[in-house]
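The values are calculated or read from the model by the stated rules, or taken from the named source; none is laboratory data. Just so you know, these numbers come straight off a predicted model, no measurement behind them. Positions of Cβ are backbone-derived with ideal geometry, glycine not excepted, and every protein chain shown enters the neighbour counts. Keep in mind that these areas ignore ligands, DNA and RNA; they rest on the heavy atoms of the full protein, side chains included. Shrake-Rupley method; radii C 1.70, N 1.55, O 1.52, S 1.80 Å.
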Amino acid sequence: MDESTRRTFLKDLSLGAAAFSVAGDQEKQSAMPGRPSSGDVETKVAAPANVTAIAAHPGDAFFAMGASVALSVHLGGQGVLLSLSLGEKGSSTIEPARYGALQREAAQSAARHLGAQAEFLSYRDGEIPASDEAKLAVCDLIRQYKPAVILTHWRGSWHKDHLACYEIVTDAIFYAGLPTLIRELPAHNVPKLYFADNWEDATGFAPDTYLDITQIFDGWLEACALFPMWRGENGFRYDDYYRSLAVQRGCLSGFAHAVALMSPPEQLVRHLQRL
Ligand SMILES: [Zn+2]
């Protein structure tokens, strides 16, 4: 491929690239409460977005979603990383109560390193229920933090907690946006939802958005390294996987380092009056 062809190739690929930002006055709000906006609005403008990552386990929040959150914080937004459980059963050598405490400490330190906030719900690892109680608990946190962007698991996962998290979050977004669903805090509509690139959620994962994380790549790796499991102690080489995935996604998008994200289909629908 010659240089001009290569540039065109990368330019075409980067059409799907995004920086999380809140669009200005031209942002069209969702017509129905609780529903995400359709994808015909470009996010070119204005203030950095508040981004909330919602994951089954702290490792998912920081390794698969944390770079996106870190970038928003770097750009001036607010970042929250919510774990529905502590992932306390993830070690074969450390008993769950102790390991859960280590996971909580690591998540809090990593969040501080990124300038973000760590939040936790107290569901048991491996037993996260896709219940209305859980959906309303997440709804309340969405109303509290008012994110413009939520990141969560894609449903194509072999891990039951990840699938439960997908169901909890998609319904929690619906609940959070319903003004007639009365909770302590008023309704908040979440304009954008993205599914994260996670080695355990790879079935049918089809990225449509690439985010340039080059600016925060080193800081994000430092935050991830605060988790013992990052080094592969639990059997999976997280450091190798997510570090090289960022390079690979960067190759595909024309950035040095990138994360790939997937949108819900309705978010990609375009409403045009001419082609
Ligand atoms: Zn997990």
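Where residues in the range 141-172 are among the aliphatic types (A, V, I, L, M) and in a helix (DSSP H, G or I), which of them is most open to solvent (accessible area, probe 1.4 Å)? Step through it out loud before you land on a result.
The initial filter retains those residues of the range 141-172 that are among the aliphatic types (A, V, I, L, M), namely 141-142, 148-151, 163-164, 168-169, 172.
Still in the list and also in a helix (DSSP H, G or I): 141-142, 163-164, 168-169, 172.
Values: L141: 27, I142: 4, L163: 64, A164: 9, I168: 0, V169: 0, A172: 0 Å².
Per the stated criteria, the residue is L163.
What are the residue pairs meeting all of these: first residue in the range 190-202, first residue farther than 12 Å from A260 by Cα, second residue among the hydrophobic types (A, V, I, L, M, F, W, C) and away from the ligand (no atom under 13 Å from the Cβ), Cβ atoms under 6 Å, and 6 or more apart or on different chains?
Pairs found: V190/I150; V190/I173; P191/A148; K192/V149; L193/I150.
Return only the number of the condition from (1) without any contact (Cβ under 8 Å) to a residue 40 or more places away in the chain; (2) within 16 Å of the chain's Cα centre (by Cα); (3) open to solvent by 10 Å² or more (accessible area, probe 1.4 Å) that E88 does not satisfy.
(2)
Mind listing whichever residues of the range 179-217 are open to solvent by 40 Å² or more (accessible area, probe 1.4 Å) and either on the phi > 0 side of the Ramachandran plot or of a type in the set (A, V, I, L, M, F, W, C) (or both)?
Once the filter is applied, which keeps residues that are open to solvent by 40 Å² or more (accessible area, probe 1.4 Å) and either on the phi > 0 side of the Ramachandran plot or of a type in the set (A, V, I, L, M, F, W, C) (or both), the range 179-217 yields I182, L185, A187, W199, A202, G204, A206.
State which residue is farthest from the ligand (Cβ to nearest atom) when the search covers only the range 155-174 and only residues that are over 19 Å from P191 (Cβ atoms) and hydrophobic (A, V, I, L, M, F, W, C).
The residue in question is I168.
One line per residue, one yes/no per condition, for (1) free of Cβ contacts under 8 Å to residues at least 60 places away in the same chain; (2) surrounded by fewer than 21 Cβ atoms within 10 Å (Cβ to Cβ); (3) of a type in the set (D, E, K, R):
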site: A225; (1), (2), (3): yes, yes, no
site: E233; (1), (2), (3): no, yes, yes
site: Y238; (1), (2), (3): no, no, no
site: A260; (1), (2), (3): no, no, no
site: E266; (1), (2), (3): no, yes, yes
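When residues of the range 47-85 are filtered for being among the small types (G, A, S), under 10 Å from the mean Cα position of the chain (by Cα) and within 16 Å of the ligand (Cβ to nearest atom), how many remain?
Looking only at that region, the number is 5.
Which members of the range 101-140 meet the condition of being open to solvent by less than 40 Å² (accessible area, probe 1.4 Å), more than 14 Å from the ligand (Cβ to nearest atom), part of a loop (DSSP other than H, G, I, E, B) and over 21 Å from F195 (Cβ atoms)?
Once the filter is applied, which keeps residues that are open to solvent by less than 40 Å² (accessible area, probe 1.4 Å), more than 14 Å from the ligand (Cβ to nearest atom), part of a loop (DSSP other than H, G, I, E, B) and over 21 Å from F195 (Cβ atoms), the range 101-140 yields only S131.
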